[in-house]
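Peer 1: Can you keep this structure in mind? I'll have questions shortly.
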Amino acid sequence: MSLRIRRSISFNGTSTVRMTVDGKDQTVQAAYMSASIGDNGEMNINKAISNRDAYEENRDEVKQDFADFEDAVEEAFDSTKS
């Protein structure tokens, strides 16, 4: 038997927007993102739309959040290089 320990760096993010819902101004989650950087050099980035209406009404802002999230993950990934 042997023990194998893997280390990773995890990231989570949400893209929220202001919308009128049922006549009330509210903050709504449009999308979420997650990522991990493994000690083996692998990087994984995921993104998902959690509210289609919020996404479609704020597509440019949400896409910018996706890009900013990916930039942050890639910056961390680059800093892990030996």
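Peer 1: For ILE37, state whether it is among the β-branched types (Val, Ile, Thr) and surrounded by 15 or more Cβ atoms within 10 Å (Cβ to Cβ).
Peer 2: Against the criterion (among the β-branched types (Val, Ile, Thr) and surrounded by 15 or more Cβ atoms within 10 Å (Cβ to Cβ)), ILE37 qualifies.
Peer 1: Hey, among the residues in segment 64-82 that are surrounded by 14 or more Cβ atoms within 10 Å (Cβ to Cβ) and more than 12 Å from PHE11 (Cα to Cα), which one's nearest to the chain's Cα centre (by Cα)?
Peer 2: So the residue we want is PHE66.
Peer 1: Quick test for you: out of ALA54, ALA31, pick the one residue that is in a helix (DSSP H, G or I), among the small types (Gly, Ala, Ser) and surrounded by 14 or more Cβ atoms within 10 Å (Cβ to Cβ).
Peer 2: ALA54
Peer 1: Further question: Taking the conditions exactly as written (of a type in the set (D, E, K, R), touching a strand residue (DSSP E or B) at 6+ places or on another chain (Cβ under 9 Å) and surrounded by fewer than 12 Cβ atoms within 10 Å (Cβ to Cβ)), does ASP25 satisfy them or not?
Peer 2: Taking the combined requirement at face value, the residue satisfies it.
Any read-out appearing in this document is the output of simple, stated calculations on the displayed coordinates, not a laboratory observation. Note that this is a predicted model, so its numbers are computed, not measured. Glycine gets a Cβ as well: all are built from the backbone with ideal geometry, and neighbour counts include every protein chain shown.
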